[in-house]
Amino acid sequence: MLNNIRDEKGNFKNLINGEWVQSIGGNFIHIKSPLDDSFLGSVPAMTKEEVDVAVKTAKEAQKRWRDTAIYERAEILYRAADIILENEAELSYLMMMEIAKDRKSCRSEVSRTSDFIRFTADTAKNLSGESIPGGSFPGFKNNKVSIVKREPLGVVLAISPFNYPVNLAASKIAPALMAGNSVVFKPATQGSLCGLYLAKIFEAAGTPAGILNTVTGKGSEIGDYITTHKGIDFINFTGSTEIGKRISEITSMVPLLMELGGKDAAIVLKDADLDLAASNIVAGGYSYSGQRCTAVKRILVVNEVADKLIEKIKEKMKKLTVGNPLEKDVDVVPLINSKAADFVWQLIEEAEEKGAKLIVGGKREGNLIYPTLFDRVTTEMRLAWEEPFGPVLPIIRVNDVDEAIEIANKSEYGLQGAVFTENINDAFYIADKLEVGTVQVNNKTERGPDHFPFLGVKSSGMGTQGVRYSIEAMTRHKATVINLSSNK
Ligand code: NAP
Ligand code: G3H
């Protein structure tokens, strides 16, 4: 599939107005695999002029797309969902090479994306508006009726992160398209080959010219230009809090939907099923080396059961497989780049220096950081508060439920939280008090299933994603008020 979108020199092109166009600027970014440093391809570092064309094209095309029957839009998405599955092996392999994700997770991301797209089409077909009688408000009669429907916003700018280059791109593109918007899609640079592949799939499925356009280039170079572009009507961004804040500072009067960083806490109470808690903490903390926004990123355990929990976590960590997914099936893989690995390593070193007790791991080979667990982490340590986006988990011992809640809520982040307890009253008490978008009771923190609302509060984001929620976020209400001359 990718060979169809290269120029004669093998460089990738971008999808603009239904055509795969060669770079005009002639500057390229070379994408290499974090697994073996092999060269995967070059993508254009697009110029401002090229970005202008992408946005202008999207603007024009959206005027026609908004009038396309929802049923017809859905048919295109169903085809895209099918084509994704037909290419599952190739796309999963590309993803593994480009972002160093383990094979199993790559395959599940691809099939999950197909399901997401299909579900989005189904949902959009079944959404409807409402009519509101005026007579329900004091002083008005039923001769006045408001017919409320949802309208698209226009051009949606979709910016995705490296860690889910297919799913977190499609979960922006599909709802935007079903809502009648056109899309300018800027993938993460490391992940842009997967992004272009996805765009090719949407094109092959019959997305009309101009409805989906791609922009490649480094966020640090074209990010400000594209996010403040006058032609953009909505920005759907997933990525770091740092960049999310920047976008919210420099944009003006453009609605934003942002899913950002997290420091999800797993709170373990004295009556918890400790086997269940340990399994979920290990799976939630270390899969894809903790490079998930919803990874468990700290453990708050009450003193009475801390030792027992640590023993169980240690046992389960022994089963984690570590290494290069090119060589074997592994859970813990090398991090995306050396900058990320250096950052995680700094947090590990600082925790050790400040007296945290290393229980497992603490070993590094290049960008591969072995799954690491620290006990006796205190609130003085960076590891207690910062998002490592790597395979290291701090255990913070607490006296009781209220201390756990207090520390959990002191975080600048508020994505998700998990509570492990057999007591439904404690579960609800904690769920009620945690300042997060979602609380998982007796499960690891996680985004899916994808029709559930997914959101972060505080520095973890704004707005709500999830199939129906995303469609709604990318539409606005439009009210037409009928005023009948009589009310017999
Ligand atoms: P990132 O560095 O913030 O990059 C995210 C996207 O923003 C990339 O496409 C990037 O492009 C682009 N970008 C960079 N600078 C920009 C700018 N000035 N203006 C506009 N766009 C810009 O994040 P990442 O390293 O890819 O992903 C990891 C982070 O994302 C973690 O903090 C994680 O928690 C968060 N995340 C959150 C969720 C969630 O749903 N809450 C999901 C996944 C990830 P380039 O690649 O070209 O720099
Ligand atoms: O990285 C952030 C993703 O939204 C997490 O999704 O919980 O399914 O891994 P996940």
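Data table
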{"read-out": "Protection proxy ranking, peptides 312-325, 259-272, average beta carbon neighbours within 10 Å, highest first", "value": "259-272, 312-325"}
{"read-out": "Over the range 265-459, relative contact order from alpha-carbon pairs under 8 Å, at least 6 apart, %", "value": "27"}
{"read-out": "Sequence of Thr120, Thr251, Thr379, Thr68 once ranked by neighbouring C-beta atoms within 10 Å, starting from the fewest", "value": "Thr379, Thr68, Thr251, Thr120"}
{"read-out": "Rounded if a/c under 1.5, otherwise prolate or oblate - the chain, Cα gyration tensor axes", "value": "oblate"}
{"read-out": "Whole-number D in µm² s⁻¹ for the range 316-382, Kirkwood Cα-pair radius fed into Stokes-Einstein, 37 °C, 0.692 mPa s", "value": "258"}
{"read-out": "Listed residue pairs exceeding 30 Å between alpha carbons, taken from Lys218/Lys363; Lys59/Lys478; Lys63/Lys200; Lys13/Lys363", "value": "Lys218/Lys363; Lys13/Lys363"}
{"read-out": "Residue-averaged [θ]222 nm for the chain, counting only DSSP H segments that reach four residues, each worth -39500 (n - 2.57)", "value": "-12000 deg cm²/dmol"}
{"read-out": "Separation of alpha-carbon centers, the range 136-181 and the range 258-309, rounded to whole Å", "value": "34"}
{"read-out": "Residues whose placed amide H lies under 5 Å from that of Phe374, excluding near-sequence neighbours", "value": "Ile359, Leu393, Ile395"}
{"read-out": "Ranked packing of 20-28, 201-209, most packed first, by mean Cβ within 10 Å", "value": "201-209, 20-28"}
{"read-out": "Over the chain, relative contact order from alpha-carbon pairs under 8 Å, at least 6 apart, %", "value": "17"}
{"read-out": "Exposure proxy order (Cβ contacts within 10 Å, fewest to most) of Ser485, Ser289", "value": "Ser485, Ser289"}
{"read-out": "Cys106, Cys194 arranged by Cβ crowding within 10 Å, fewest neighbours leading", "value": "Cys106, Cys194"}
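Taken together, the values in this text are just the output of simple stated rules run on the coordinates, not laboratory data. In this text, all values refer to a predicted model and were calculated from it rather than measured experimentally. Every residue, glycine among them, receives a Cβ derived from its backbone with ideal geometry; neighbour counts consider all protein chains shown.
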